[in-house]
Amino acid sequence: MRPDGPVASHHFEALGTSCSLFAGGQSRTRLLEGEFWVRRLGARLTRFSTDSELSRLNRNAGQWTGISDEMEVILRAALHAHEMSAGLVNAAVLPSMLAVGYTRPFAEGPTVALLDGARPLPPLREVLEVRAGEACVHAGCGIDLGGIAKGWMADRLCEMLGPNAIANLGGDLRAVGPGPAGDGWPVGVAGVTLMLRDQAAATSSVRRRRWGEVHHLIDPRTGLPAKTGLDEVSVVTASAFEAEVVAKTALLLGPDFAPAYCAAHAMAWWLAGPDDD
Amino acid sequence: MRTVLLKAAATFLTIGATVASALFVTSHLKNPAAPLQPPVVNAGSTAAALGGTLNVGPSVQATDVEPMTSTYAS
């Protein structure tokens with residue numbers, strides 16, 4: 001099937017990263033509406049704003065707090081990601097993030113790391129409860145939605161942009177429809193172009209958001225920055241949410257188990273170790 | 001006598017059916033080189049990538065086209 005009309009594109013900065021939207025046969029207004037949606041939802045999901053919905057939920061730890069429909073869906077997605085990854089993708093990572101010094105937007109720089117206080121993360125289902133319209137984070141715990149929110153948002157945004165579109169939120173991307181020429185959307189993965197159609201991709205890495213020997217990707221088994229023998233993983237799966245979970249899980253599994261895991265869960269995958277540039 | 005005739009008839013019928021089947025099969029051979037099973041669709045490949053190893057499954061196609069956007073760590 002050939003696409004309808006020319007492809008409109010729009011690029012902007014949001015969620016602390018670069019975002020790109022493409023849609024065939026849609027007006028630029030539709031893409032601007034997409035940017036507005038990203039900014040509006042991002043403002044509610046960030047942990048860096050004290051008046052965000054997520055910060056309010058974390059601040060009220062130990063008691064039930066009213067949440068929006070979107071927050072409820074994303075928190076349930078976080079619980080699902082925890083189950084999918086056998087506990088390796090754990091949104092209750094906030095205390096460890098703060099311990100390693102990731103206390104404010106990365107552009108403002110990290111603060112002092114206090115790794116002595118890092119502890120293995122509790123299973124997410126033991127510290128986060130969600131029911132219709134409200135959620136409870138247990139006392140002493142905190143939620144960081146991070147990549148889970150990006151992947152989930154890329155999936156929803158792509159659906160909003162129409163039947164032939166691609167949404168890329170900081171490397172978490174989802175492509176639907178036949179693309180600009182009818183044979184898929186050309187997407188770069190590890191320096192190679194892959195044609196994606198109703199597929200998604202994401203990358204997990206310890207090379208970015210890194211300061212000294214410390215980085216932002218926490219291993220829930222230790223509560224410390226992950227050291228697994230893999231530095232970066234990119235995967236292609238059916239949805240951006242799934243891609244985010246699979247990429248992070250593979251990186252945390254390390255080079256011995258990641259190939260078999262990716263072969264079972266991804267349509268394409270790239271694994272890079274410390275010596276691979 | 002009757003028993004011998006029945007045995008001979010049964011033997012004749014068996015041998016006749018076997019010979020007829022063999023003649024039918026050899027005269028209707030379509031393609032001696034045909035595979036016994038359909039070939040397995042491309043089971044995946046490894047493409048040249050930036051360091052590391054990129055494995056591409058059969059449901060994803062690599063191309064030389066310039067990418068419109070990329071996945072990356074952010």
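Across A:Glu232, A:Glu108, the residue with the most accessible area heads the list, and the full order at a 1.4 Å probe is A:Glu108, A:Glu232. The Rg/Rh ratio of the range A:25-94, with both radii computed over alpha carbons and Rh defined as the Kirkwood radius, is 1.07.
Highest-first packing order for the peptide set A:212-224, A:164-176 is A:164-176, A:212-224, based on the mean count of other beta carbon atoms within 10 Å. For the protein assembly as shown, the 222 nm mean residue ellipticity estimated from helices alone, with every DSSP H stretch of n ≥ 4 adding -39500 (n - 2.57) and the total spread over all residues, rounds to -10000 deg cm²/dmol. Comparing the full protein assembly with the isolated chain (1.4 Å probe, heavy atoms, ligands and nucleic acids excluded), the residues of the range A:236-277 losing at least 20 square angstrom of accessible area are A:Met267, A:Ala268, A:Trp269, A:Trp270, A:Leu271, A:Asp276, A:Asp277. One Cα centroid belongs to the range A:101-130, the other to the range A:156-211; the line between them spans 29 Å. Counting only lysines at least 8 places from A:Lys248 when in the same chain, those with an alpha carbon closer than 18 Å to its own are A:Lys150, A:Lys227.
One decimal place: the segment A:Arg40-A:Asp116 gains 23.7 nm when fully extended, by the rule 0.36 nm per residue minus the C-alpha distance. The accessible surface of chain A, taken with every protein chain in place and a 1.4 Å probe, is 53 percent carbon and sulfur. Within the range A:82-98, list the residues whose amide N lies under 19 Å from a label point set 7 Å along Cα→Cβ of A:Glu126. Residues passing the 19 Å test: A:82-97.
Rounded to the nearest 20, the Cβ-based charge dipole of the protein assembly as shown about its Cα centre (Lys and Arg +1, Asp and Glu -1) stands at 900 debye.
Per-residue surface analysis assigns A:Lys248 an accessible area of about 50 Å², computed on protein heavy atoms at 1.4 Å probe radius. When the scattering of the range A:155-267 is computed by the Debye formula from its Cα atoms alone, each counted once and equally, what is log10 I(q)/I(0) at q = 0.10 Å⁻¹? Results for the range A:155-267 at q = 0.10 Å⁻¹ read -0.32.
Accessible surface buried at the A:B interface totals approximately 2700 Å², computed with a 1.4 Å probe on protein heavy atoms.
The length gained on full extension between B:Val65 and B:Asn31, counted as 0.36 nm times the residue separation minus their Cα-Cα distance, comes to 8.2 nm. Per residue of A:190-202, other chain Cβ atoms within 10 Å of the residue Cβ number 6 on average. Neighbours of A:Ala243, meaning other residues whose beta-carbon lies under 9 angstrom from its beta-carbon, give a summed charge of -2 when Lys and Arg score +1 and Asp and Glu score -1.
Each label was represented as a point 7 Å from its Cα along the Cα-to-Cβ direction; for A:Asp275 and A:Arg104 these points are 4.0 nm apart.
Excluding ligands, DNA and RNA, what is the solvent-accessible area per residue of the protein assembly as shown at a probe of 1.4 Å, expressed in Å²? Here the residues of the protein assembly as shown average 49 Å² of exposed surface.
Basic side chains Lys and Arg get +1 at the Cβ, acidic Asp and Glu get -1 at the Cβ, and with that the dipole of the range A:50-124 about its Cα centre reaches some 240 debye. By the Cα gyration tensor, the protein assembly as shown has an equivalent ellipsoid whose semi-axes, rounded to whole angstrom, run 52, 26, 21 from largest to smallest.
The values are calculated or read from the model by the stated rules, or taken from the named source; none is laboratory data. Because the structure is predicted, anything quoted here is derived from the model rather than measured. FYI the Cβ positions are ideal-geometry reconstructions off the backbone, even for glycines, and counts take in every protein chain you see. Note: areas computed on protein heavy atoms with side chains; ligands, DNA, RNA excluded. Shrake-Rupley method; radii C 1.70, N 1.55, O 1.52, S 1.80 Å.
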